[in-house]
Amino acid sequence: MSSYNPEKIESKWQQYWQSEKTFKTPESRDKPKYYVLDMFPYPSGSGLHVGHPEGYTATDILARYKRMKGFNVLHPIGWDAFGLPAEQYAVKTGTHPRDTTKRNINRFREQLQSLGFSYDWNREINTTDPDYYKWTQWIFLKLYEKGLAYEDDVPVNWCPELGTVLANEEVIDGRSEVGGFPVVKKPMRQWVLKITEYADRLLEGLEDLDWPQSTKDMQRNWIGKSIGAEIDFELAGETDSSAAIKVFTTRPDTIFGATYMVLAPEHDLVDHITTVDQREAVERYREEAAQKSDLERTELSKEKTGVFTGGYAVNPANGEEIPVWVADYVLATYGTGAIMAVPGQDERDWEFAEKFDLPIVRTVQPPEDFEGKAYTKEGKTINSGFLNGLNVEEAKQKIIAWLEEQEAGKKAINYKLRDWLFSRQRYWGEPFPIIHVDGEPKPLDEDQLPVTLPEVEDFEPTEEGDPPLARAEDWVKTTDPETGKPAVRETNTMPQWAGSCWYYLRFMSPEFEEGPVDPKAESYWSPVDMYVGGAEHSVLHLLYARFWHKVLYDCGLVSTSEPFQRLVHQGMILGEMEYTGYKKEGKWVSAGEAEEMDDVERLNLDEDQVEKKEDYFVVRGTDIKIDAKAHKMSKSRGNVVNPDDVIDRYGADSMRLYEMFMGPLEQVKPWSTKDVDGVYRFLNRVWRLMIDEDSGELKDSVTDGDPSREQLKVLHECIRKVTGDIDDLSFNTAISAMMIFVNDANKWESHPKPVLERFVKLLSPFAPHIAEELWQRLGHEESIAYTEWPEFKEEYLISDTQMYPIQVNGKVRGEIHVPREKAGDKEYVLAEAKAVENVAKYLDDGNLVKEIFVPERIVNLVVK
RNA sequence: GCCCGAGUGGCGGAAUUGGUAGACGCGUUGGACUUAAAAUCCAAUUGGUAUCUAAAUACCAGUGCCGGUUCGAGUCCGGCCUCGGGUACCA
């Protein structure tokens, strides 16, 4: 017996690829290059889940395909190995994060290798390796030199539970992204990177990238560029014009409707402007606001709050004195931290004005049927002196010109994007190449790198609240190598994003010692041609990496202005479909009702306990609606699928094939283990197409003879489809095309080698192990990996006849087959069409008013 | 609320530019092989109606809902509904 045995052939070929260094990246530069990259994983303790191999299989198919198409392919992998989980584990167990990380990496590597990915393992990199983070630190020095890294006392997102600060991006709804703990604002000395300086270039750079529209949109929203004006409102009764309140607005045209002003509670002028009478109330309000977490300031407080300062400012447009309030609906961190409130044209201001009984003046005429409160759309300006009658855009132009003339304001641009908070109070991260001498930060010299992590016993923050690195006192206390003065080392570490900001460059020359990347390698391999990874990195990683890349570009270290030319997000793989029924006191209740009840029992139902009735699933034989849904895989839900189990049962080739066959790469899709049977059977059929299961030899039907016309047609249809589909990343339909080929080929009496060989090549990027094995058994000594991709020839697809569906009034009533040479002959085809019995009867019943003839497509006869 | 994306059989999904809706796979049903089972192979499988049964054929309806453009709409346009993702006092 010699049936398809994935276990045996897969380990055989994995060993072969490793010992023969089959996928070592070529050193030659004489061919076109293709750099295909996966977002490298964080090696977690739980190993790979089935979501990982989805993107990895897609890139592996591309890598293998491109090699066969004659490209030099760079297809590397590495580890984004700094991070919180290993550190939390260290706090709990005392195990050094280095050990945990090493163990996890070994496991990940083993799992990836068991899937047969064609990575160049000689280029494996690890962000926690001092030889790697030396260059992360080096790049930080470049940022520092260019004035893009600075220390600042900033109100930061402090997470007491995690004992660290978080970037804005790591805080979701006032809670930490990791762990979901509450986050409060707290001023602390932090390292900050001036990403805002690159806001415009980060925005413009998006235009030429071949990225998903949604990801570009998200980055644009995140950068949040708005164009408007900065306007100074002088304080009433003061001659000192430098004490004016500066506001940013996108609607300077509405200035005549500015009936009051609001300062953020943290605004510098609050103290100055508050009158004696109001001081107490304002102070109290500020204290309350300071204690609120972000969560309370946004989600929970729908109702506007605020306090009058007692002070007044002068509206420069009409000279009117307007009251100045303090309210936390104005954010200190956006714009100037102060606004001119225009309730007539702003919903938030309207709400506030209504609550505190402040005047409302409309300055844009709403349409007659307008019933809302604030009107924020287009219209003619009213109640606005010299702006009356203009539309919004004209009014903006005119008022800005006027303000500039009066030296009361100017055109201005504002961004939502803030500078990037770049330090963390953690152990397991890159140390900063910074010492503090006489209380001032000082960068270390390049030759001092890497600054390696000191050994500590305890990975928690110190009692004084200093980061864990402060525990390494001998390491912290040092001397300035330049002056010999006593110095202390920076004890913050870099955030996890640092290492992933430039790893794609290191892969180009992982051994290079003169810099982060060898310029010769860089100029050949840049940019990444295809980058595949999860949509959860749409903003964070991808924006930060683009920022660093542009800085490196300005330093002359890279040759492209953008790092990732094409980006694709693989869709999430959900758990198996779950059917959930609900019972209350032993009786079924419908899913909709159950939502509003207490003490409802949830029951997981089997597929055969349910059926579909109209648009809903119900308990079989009843009208009780149930929920039918695939959920995100999670440990708590217990629906996580482990790729190892799938490989044990079906083999890596089936695993790869199934992940691609499930559906379009970018789509969210539910896992279904029983569906793996389908692709597994397909591989068995492929095997039996060529191998005699009794003898284990090539079947007798495998011949050296010439293929028939029909065989060539089936083959070339397959070549055409598979080639085109790989180019479109439509792997699911490529696999379906190969299934069609095998279904057809199984019916043939003889199987000419040239046909089988070309089919095996088509299969090889998808299921490389079985393809190598069959390729060898077909009589080849070399690996299939660098053989030439089969060429598609149109001529084999042309058949002797052309089929036309015949429609009458757009409904198909028959079909005809006409000889190839008559296929374009309109008169002939129409005559044949009308002769079809089932068509003729419709013609007899009415008048033929129109004939549609689309060559090689369709005939439609319009009858009235 | 705002910005994206998606709704097609029992299920995953297919339909390159408007041109035979449901490829391919899962599941289900029937059959072949087998002492039996597994495996494998063959056939059927959107719903409905009609022709005596079967085979077969024909017809009607059908791609979330309502309307439109067109000889022809899953595909284009307008208006909704539902689900998923992102974002949210950003002035």
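Numbers for the structure displayed
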| read-out | value |
| --- | --- |
| Count - residues of region A:12-42 that are closer than 30 Å to A:ALA535 by Cα and open to solvent by 40 Å² or more (accessible area, probe 1.4 Å) | 3 |
| Those strands (runs of 3 or more DSSP E) lying entirely in region A:411-509 with at least 2 residues crowded, with 21+ Cβ neighbours inside 10 Å and within 16 Å of RNA strand B (Cβ to nearest atom) | none |
| Members of region A:1-29 found to be assigned to a loop (DSSP other than H, G, I, E, B) and either without any contact (Cβ under 8 Å) to a residue 24 or more places away in the chain or of a type in the set (Phe, Trp, Tyr) (or both), listed by number | A:TYR4, A:ASN5, A:PHE23, A:GLU27 |
| Boolean, A:VAL600 is open to solvent by 30 Å² or more (accessible area, probe 1.4 Å), within 13 Å of RNA strand B (Cβ to nearest atom) and modelled with pLDDT under 95 | no |
| Search result, residues across region A:609-630 that are among the hydrophobic types (A, V, I, L, M, F, W, C), farther than 19 Å from A:PRO670 by Cβ and in contact (Cβ under 8 Å) with a residue 12 or more places away in the chain | A:VAL619, A:ILE624 |
| Filter result for the condition that a residue is open to solvent by less than 10 Å² (accessible area, probe 1.4 Å), within 14 Å of RNA strand B (Cβ to nearest atom) and either among the small types (Gly, Ala, Ser) or touching an Asp or Glu at 6+ places or on another chain (Cβ under 6 Å) (or both), over A:SER634, A:SER654, A:SER672 | A:SER654 |
| Spans of strands (runs of 3 or more DSSP E) in region A:214-283 with at least 1 residues open to solvent by 10 Å² or more (accessible area, probe 1.4 Å) | A:225-235, A:245-249 |
| Elements of type strands (runs of 3 or more DSSP E) contained in region A:290-404, each with 3 or more residues being open to solvent by less than 20 Å² (accessible area, probe 1.4 Å) and either of a type in the set (A, V, I, L, M, F, W, C) or within 13 Å of RNA strand B (Cβ to nearest atom) (or both) | A:321-326, A:338-341 |
| Elements of type helices (runs of 4 or more DSSP H) contained in region A:51-142, each with 3 or more residues being among the hydroxyl-bearing types (Ser, Thr, Tyr) | A:52-68, A:97-114 |
| Odd one out for A:GLY724, checked against (1) under 20 Å from A:ASN746 (Cβ atoms); (2) near RNA strand B (Cβ under 10 Å from one of its atoms); (3) without any contact (Cβ under 8 Å) to a residue 12 or more places away in the chain | (1) |
| Hits in region A:603-620 - residues which are open to solvent by 40 Å² or more (accessible area, probe 1.4 Å) and within 15 Å of RNA strand B (Cβ to nearest atom) | A:ASP606, A:GLU607, A:ASP608, A:GLN609, A:GLU611, A:LYS612, A:LYS613, A:GLU614, A:ASP615, A:TYR616, A:PHE617, A:ARG620 |
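The values are calculated or read from the model by the stated rules, or taken from the named source; none is laboratory data. Given the structure is predicted, the values throughout are model-derived calculations rather than measurements. Every residue, glycine among them, receives a Cβ derived from its backbone with ideal geometry; neighbour counts consider all protein chains shown. With ligands, DNA and RNA removed, areas are computed over all heavy atoms of the protein, side chains included. Shrake-Rupley method; radii C 1.70, N 1.55, O 1.52, S 1.80 Å.
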